[in-house]
1. What are the pairs with Cβ atoms under 7 angstrom where one residue, in the stretch 271-283, is within 18 Å of residue 157 (Cα to Cα) and the other, located anywhere, is open to solvent by 70 Å² or more (accessible area, probe 1.4 Å)? Sequence gap at least six, or different chains.
2. Being hydrophobic (A, V, I, L, M, F, W, C), crowded, with 22+ Cβ neighbours inside 10 Å and over 21 Å from residue 251 (Cα atoms) narrows it down to one of 142, 134, so name that one.
3. Here's a check for you: in the stretch 237-276, which residue that is touching a helix residue (DSSP H, G or I) at 6+ places or on another chain (Cβ under 9 Å) and in a loop (DSSP other than H, G, I, E, B) is farthest from residue 348 (Cα to Cα)?
4. Scan the stretch 153-188 residue by residue and report those that are under 30 Å from residue 330 (Cβ atoms) and aliphatic (A, V, I, L, M).
5. Give the residues of the stretch 339-355 that are more than 15 Å from residue 265 (Cα to Cα) and small (Gly, Ala, Ser), sorted by residue number.
6. Output the residues belonging to the stretch 192-226 that are of a type outside the set (A, V, I, L, M, F, W, C) and open to solvent by less than 50 Å² (accessible area, probe 1.4 Å).
7. Please indicate, with yes or no, whether at least one residue in the stretch 331-349 is more than 24 Å from residue 310 (Cβ to Cβ) and in contact with an Asp or Glu (Cβ under 7 Å, 6 or more places away or on another chain).
8. Restricting the stretch 145-170 to residues that are of a type in the set (D, E, K, R) and surrounded by fewer than 21 Cβ atoms within 10 Å (Cβ to Cβ), which is modelled with the lowest pLDDT?
Amino acid sequence: MRKRKMSAWRSAAAICALLLTAAGCGSGNDDDKGGHAPDKLGKGEGKVNIIAWAGYAEDGSNDPKVDWVHPFEKKTGCQVNTKTAGTSDEMVSLMKTGQYDTVSASGDATLRLIASGDAAPVNTKLVPNYKDIFPALKQQPFNSKDGRMYGIPHGRGANLLMYRTDKVTSAPDSWRAVFDDAARYDGHVTAYDSPIYIADAALYLMHAKPSLGIENPYALDQRQLDAAVALLKKQHKAVGEYWSDYQKEITAFKGGDSVIGTTWQVIANLTQAEKAPVKAVLPKEGATGWSDTWMISARAEHPNCAYKWLDWIVSPKVNAQVAEYFGEAPSNRKACAETSAPDHCAIFHADDEKYFKRVHFWTTPIKQCLDGRKDADCTDYAQWTRAWTEVKG
């Protein structure tokens, strides 16, 4: 996926019925399954094992000027061991091993980790910087359950529509350009390579075909999923390549192999910096997007150091460093005063809730419809994964 630049538990059996994933669920009571949030912290255990997206736990090895890991180690005495993951599926698999204390999970992984019992609820009182997190990032469907937070919000961004201005002469303002009109750019359309991309098609259909009754792009019954898959198969004929590595997309747009498709703001910025004639827009239908959450393993061997890391990574100065290096909106509102580029938060819409109300953040699809429907069964992530394989042939 990304490189540098997404109250009481129910019984385990009930959770399994809601979310059928490869993670698998067993029997047992809720507290045994999901773990507890501590009431207080003790002395640090001396180390913390982290799973992170590239760019989220920099120690100066990639760039000597970019290092927030060593200052953390010096301050806390907790040595950081980082495993960089390339996809959300990899993160879920790694968390199942029980060898890691915390993970920077995107919304297409968080509910899977909660449902499988691999993530524990967090006591936000033990994370002092949590109070300064933007309110709109708290208690969301992708990072909480039954009123309890299952992590600390890290940052967020939208999946935008990018196009080459010299090849796409009529500036697009709708996702129609890459779906119903994709044939105009035959062989030069690009799309994000992940089952969660099905939500992009569903979002477009929410507006293009309201008769389908889609209210939430992550809550699709079988008929709605079939419609999204049909649209994606139609698009597939015009796709030149699917991307998951940001550098791969930059190269494709710079060379002209891709002329239109989905992107992130950081990719658009870097592509423009390389003198490629591109522009990125948030289409009129809105967009999908990602909000990452630092979650703690229900079997964390180093919970005290893990909590210290959560508080450190969302502290104003560090959260600003990560946001600038990776290219995203920080989660801590005070981070905006700490960025080296004074306009960073404006560029990434950090405090623009009107903007983010148009963004549907990645949320793991589950059988219990996330749009509140009680008279229908929705498709889950396992079904989306099979559907995505079918789309790509």
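The values are calculated or read from the model by the stated rules, or taken from the named source; none is laboratory data. Please read all numbers here as calculations on a predicted model, not as lab measurements. Ideal geometry is used to build each Cβ from the backbone, glycine not excepted, and the neighbour counts take in all protein chains shown. SASA here: full protein model, heavy atoms, side chains in, ligands and nucleic acids out. Shrake-Rupley method; radii C 1.70, N 1.55, O 1.52, S 1.80 Å.
1. From the stretch 271-283, the pairs are 271/254; 281/173; 282/358; 283/173.
2. Details: 134 fails: crowded, with 22+ Cβ neighbours inside 10 Å.
Going through 142, 134 in turn, just one is hydrophobic (A, V, I, L, M, F, W, C), crowded, with 22+ Cβ neighbours inside 10 Å and over 21 Å from residue 251 (Cα atoms): 142.
3. In this case the residue turns out to be 237.
4. Result: 158, 160, 161, 162, 171, 178.
5. Hits for the stretch 339-355 are 340, 341.
6. First, pick out the residues of the stretch 192-226 that are of a type outside the set (A, V, I, L, M, F, W, C): 192-195, 197, 200, 204, 207, 209-211, 213, 215-218, 221-224, 226.
Passing the criteria: 192, 194, 195, 197, 200, 204, 213, 216, 217, 218, 221, 224.
7. Yes: the stretch 331-349 contains one or more residues that are more than 24 Å from residue 310 (Cβ to Cβ) and in contact with an Asp or Glu (Cβ under 7 Å, 6 or more places away or on another chain).
8. Among them, the one singled out is 146.
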